[in-house]
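First comes the structure, then the notes that go with it.
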Amino acid sequence: MLLYYHAYYDLLYGLMLIPSGMYKILLGGSDAFIIVSPSVTILYCITELFRLNFGYRGNINESFPELIAFIIQTFLFSIAFTIVPFIASFKYPHEDGLYIINLIFLVFELIVGSFVMVKFSNT
């Protein structure tokens, strides 16, 4: 269920952060994070499709390699792609809330995914 709700949240996440990031690029500024932040958000949205697919298939098929790929992609890419724009100095008011909610989703998915992976490895 966590992956299901996070998939819908990712639609909201992308629809709110990508246009505001493009607007920040149009406004310009001297901070390098103005260009990096929307780029990382676009990369997050692209890699999130694969990560959620690994999670769905690994859970339904009880496939250990797909669950490992889900955990690795969550830890290496998704969390990093959420933290990098979060530390930027110039943000709109809605961005902090979106980043925090996404991090909460990712941490809980990492915890639940680890427990499921341990359960599958013991059987």
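Some points to look at:
- Qualifying residue in region 75-89 (condition: of a type in the set (S, T, N, Q) and surrounded by 14 or more Cβ atoms within 10 Å (Cβ to Cβ)): yes
- Within region 5-20, one or more residues are within 20 Å of F115 (Cα to Cα) and not hydroxyl-bearing (S, T, Y).
- Qualifying residue in region 52-63 (condition: under 16 Å from Y9 (Cα atoms) and without any contact (Cβ under 8 Å) to a residue 24 or more places away in the chain): yes
- In region 1-30, the residues that are in a loop (DSSP other than H, G, I, E, B) reach residues that are aliphatic (A, V, I, L, M) and modelled with pLDDT under 90 with C-beta atoms within less than 9 angstrom, at least six apart or across chains, in these pairs: G28/I34.
- Annotation: of all residues in region 30-73 being among the polar types (S, T, N, Q), surrounded by 14 or more Cβ atoms within 10 Å (Cβ to Cβ) and modelled with pLDDT under 85, the one that is farthest from V116 (Cα to Cα) is S63.
- Yes/no for S37 being of a type in the set (S, T, N, Q) and either under 17 Å from F105 (Cβ atoms) or assigned to a helix (DSSP H, G or I) (or both): yes
- Residues that are within 30 Å of F64 (Cβ to Cβ) and in contact (Cβ under 8 Å) with a residue 60 or more places away in the chain within region 75-105 comprise I101, N102, F105, listed in sequence order.
- Qualifying position, being under 20 Å from Y4 (Cβ atoms) and touching a residue at least 12 places away in the same chain (Cβ under 8 Å), among T47, T41: T47
- Among residues of region 101-123, those that are at pLDDT below 75, surrounded by 14 or more Cβ atoms within 10 Å (Cβ to Cβ) and among the hydroxyl-bearing types (S, T, Y), counted: 0
- Those residues of region 35-55 which are more than 18 Å from V84 (Cα to Cα) and in contact with a helix residue (DSSP H, G or I) (Cβ under 6 Å, 6 or more places away or on another chain), in sequence order: R51, L52, F54, G55
The values are calculated or read from the model by the stated rules, or taken from the named source; none is laboratory data. Predicted, not measured: the structure shown is a model, and the values here were computed from it. Neighbour counts are summed over all protein chains in view; Cβ atoms, including those assigned to glycine, are modelled from backbone coordinates with ideal geometry.
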